[in-house]
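Asks: Below is the structure I would like to discuss, written out as structure tokens.
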Amino acid sequence: MDIRTVNTQPFPDQKPGTSGLRKKVPAFQQPHYLENFVQSIFDSIAAPQNATLALGGDGRYYNREAIQIILKMAAANGFGKVLVGQGGILSTPAASCVIRKYQTYGGIILSASHNPGGPDGDFGIKYNSSNGGPATETVTETIFAKSKTISTYRILDAADVALDATGNFTLGDMQVEVIDPVSDYAELMESLFDFAAIRSLLAGGFRIKFDAMHAVNGPYAKEILERRLGAATGSVINAVPLEDFGGGHPDPNLTYAHELVEICYGENAPDFGAASDGDGDRNMILGKRFFVTPSDSLALLAANATLAPGYKQGLAGIARSMPTSAAADRVAQALNIPCYETPTGWKFFGNLLDAGKVTLCGEESFGTGSSHVREKDGLWAVLFWLNIVAARKQSVESIVSEHWAKYGRNFYSRYDYEGLPTEAAQGVMQHLKDNFAKLDGAQFGKYSVKFCDDFSYTDPVDGSVSKGQGVRIIFTDGSRIIFRLSGTGTEGATLRVYLEAYEADVSRHHLDAQVALAELIGIALQISELKSRTGREQPTVIT
Ligand code: G16
């Protein structure tokens with residue numbers, strides 16, 4: 001075996017964010033940049049000799065090159081086998097599924113999720129542990145610490161592995177098994193949902209559109225929705241994954257998935273629309289001219305979970321990230337099960353899922369998932385919805401309206417201010433924190449502040465504490481304004497403002513969220529001094 005030990009210098013900026021290390025492609029293309037981070041992962045996880053690793057990515061630009069580098073480094077670092085998706089492809093939930101099904105030691109996932117791709121776009125890498133979920137903060141901090149002192153990495157000198165067909169290869173002493181990226185995942189979905197009921201729903205004329213946004217889920221959606229469930233050919237649009245996502249921004253929300261939104265709000269709209277993101281873990285759900293917020297989607301899935309065969313025993317509990325609306329809390333209360341509030345980041349759900357404390361998890365950032373894997377799962381959410389619609393034989397809109405009538409409506413919206421100068425964004429956050437004492441108990445129109453704080457979380461399973469997770473301003477009626485800096489951007493800072501108002505009165509449930517939240521939005525802008533501090537009149541994206 002021809003293993004080379006290469007001298008290198010640390011890069012100071014390899015701190016993993018909300019979900020792994022994300023940077024512009026040219027940053028990853030710098031000599032040694034990817035290698036340093038991969039070696040830091042290997043040096044942190046203490047895998048035994050001959051361990052098995054799962055490997056795959058969302059197919060974005062630089063995926064292929066990175067896969068070859070990681071394979072050669074895995075071979076040089078004593079791994080016995082790597083399961084790699086054909087073409088270097090695995091959606092994030094499929095990678096989690098593979099790690100769990102084949103009980104690998106862990107996995108490396110290459111993705112910058114919903115961020116655009118291409119030569120000037122974003123790239124990303126993260127490590128997932130043997131439970132199939134993103135490494136905990138303890139592990140990511142160790143990786144970062146190693147990256148700051150690294151002086152050498154190990155790599156095998158060998159030819160590239162042929163990844164375009166399934167098969168078995170050797171790389172030095174290591175086995176490489178190129179696997180079908182779709183089949184294990186599709187099988188898992190069939191075990192959770194009533195495919196026969198969904199098939200007859202679709203055969204009965206229920207029309208769907210799924211926008212894969214030229215990202216990784218195209219082949220998964222084609223196989224599951226069109227081939228296995230019989231949706232009309234062409235129900236999946238933008239189904240061919242492209243290295244630059246066709247120049248688009250593969251983020252399934254009302255702004256970036258506009259092609260789907262136009263179809264679902266247009267003449268002859270389908271009954272159901274959905275989209276997923278770059279790596280297939282986010283989802284957006286639409287009915288006919290109707291948008292389901294991710295927070296409502298989590299609550300709806302929880303309230304109707306027993307309609308799906310995989311959840312017919314009921315739920316152990318629900319978890320949501322702190323900025324996610326409290327709609328799910330109301331369902332948990334009615335079901336008499338616990339509801340946990342965690343910091344933003346799927347990694348915080350891992351311990352709760354592993355300990356059997358929760359079955360469903362969700363985030364306002366278009367993420368929902370369950371104990372079936374340890375990642376959020378876009379297509380899973382779509383199938384769950386289709387299962388519920390098939391069982392209830394109602395439109396998406398009437399299912400949601402009935403839900404609001406029963407539980408009340410948590411009006412919700414998020415304002416994103418992207419690409420801000422970091423100092424200005426941090427200035428807004430600091431200003432809010434400096435004013436906690438003044439804000440406490442203050443009255444703004446009909447809203448009075450119950451308390452404000454910087455959210456801190458103590459993991460109920462391992463006791464670890466995560467501080468500084470976002471500023472919360474909570475009003476006496478349960479309404480909330482949250483301010484948080486994103487941990488996934490690659491340019492400047494993104495400030496997120498999350499707004500939530502509870503409304504019990506059914507006669508007001510049809511209101512547009514922006515109308516219902518107008519007063520809170522005004523309060524948020526006033527107390528944060530956001531416009532004057534950032535110079536921004538309008539948010540970049542409203543979801
Ligand atoms: C990641 C995390 C999510 C998080 C989202 C937004 O999603 O896995 O848990 O909610 O980022 O994070 P932020 O507000 O810090 O930008 P993804 O889909 O990008 O992997």
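Asks: Nothing charged except the Cβ atoms of Lys and Arg (+1) and of Asp and Glu (-1): what's the magnitude of the dipole of the stretch 153-312 about its Cα centre? Round to the nearest 20 debye.
Replies: 840 debye
Asks: Tell me what the chain gives for mean residue ellipticity at 222 nm when only DSSP H runs of n ≥ 4 count, each as -39,500 (n - 2.57), the sum divided by the residue total, rounded to 500 deg cm²/dmol.
Replies: So the calculated ellipticity at 222 nm is -9000 deg cm²/dmol.
Asks: Just to verify a number: FRET efficiency for Ala159 and Gln9, C-beta to C-beta distance, R0 = 35 Å, to 0.05?
Replies: Step by step, r from the Cβ atoms, then E = 0.80.
Asks: Can you order the peptides 478-489, 277-288, 26-37 by their average number of other Cβ atoms within 10 Å per residue, highest first?
Replies: Listed from highest to lowest mean packing, they are 277-288, 478-489, 26-37.
Asks: How large is ³J(HN,Hα) for each residue in the stretch 122-135, as worked out from phi by the Karplus curve 6.51 cos²θ - 1.76 cosθ + 1.60 (θ = phi - 60°), to whole Hz, x for Gly and Pro?
Replies: Each residue's phi maps through the Karplus curve to give 9, 9, x, 8, 9, 10, 10, 7, 5, 7, x, x, x, 3 Hz.
Asks: Sorted by average packing, counted as other Cβ atoms within 10 angstrom per residue and highest first, what order do 322-334, 423-435, 213-225, 242-254 take?
Replies: Averaged packing, sorted descending, gives the order 213-225, 322-334, 242-254, 423-435.
Asks: When a/c reaches 1.5 or more, the comparison of a/b and b/c decides; with that in mind, is the stretch 387-459 rounded, prolate or oblate per its Cα gyration tensor?
Replies: Here the stretch 387-459 falls in the prolate category.
Asks: Follow-up. Contour minus end-to-end for Glu491 and Thr476, with contour as 0.36 nm per residue of separation and end-to-end as the Cα-Cα distance?
Replies: 1.7 nm
Asks: Let me ask something else about it. Based on the Cβ-Cβ distance from Ser395 to Glu141, what FRET efficiency comes out when R0 is 56 Å, to the nearest 0.05?
Replies: E(calc), rounded to 0.05, equals 0.75.
Asks: Take the Cα of Glu423, step 7 Å along the line toward its Cβ, and report every residue of the stretch 515-543 whose backbone nitrogen sits under 17 Å from that point.
Replies: Flagged as within label range: 532-536.
Asks: Using the basic label-point model (7 angstrom from Cα toward the beta carbon), what is the Ser151 to His32 distance in nanometres?
Replies: Each label point is offset 7 Å from its Cα along the Cβ direction, giving 1.2 nm.
Asks: Oh, and also: Sum up the charges of everything whose Cβ sits under 13 Å from the Cβ of Pro338, counting Lys and Arg as +1 and Asp and Glu as -1, but leave Pro338 out.
Replies: Result for the neighbourhood of Pro338: 0.
Asks: Calculated FRET efficiency, Glu65 and Val461, Cβ-Cβ r, R0 35 Å, to nearest 0.05?
Replies: Approximately 0.40, to the nearest 0.05.
Asks: Would you mind checking which residues have amide H under 5 Å from Asp211's amide H? H placed 1.01 Å from N; only 5 or more apart, or other chain.
Replies: Result for Asp211 returns Ile237, Ala274, Ala275, Ser276.
Asks: Now, a different point. Return an integer: the convex hull volume of the alpha-carbon atoms of the chain, in Å³ per residue.
Replies: 140 Å³
Asks: So, one more: Return the distance in nm (one decimal) between the two label points of a simple spin-label model at Leu254 and Lys312, each offset 7 Å from Cα along Cα→Cβ.
Replies: 3.8 nm
Asks: Follow-up. Order 18-25, 4-11, 180-187 from most to least packed using the mean count of other Cβ atoms within 10 Å.
Replies: 18-25, 180-187, 4-11
Laboratory data are not the source of any read-out in this text; all were calculated from the coordinates shown. Note that the coordinates shown come from a computational prediction; the quantities given were computed from them, not determined experimentally. Positions of Cβ are backbone-derived with ideal geometry, glycine not excepted, and every protein chain shown enters the neighbour counts.
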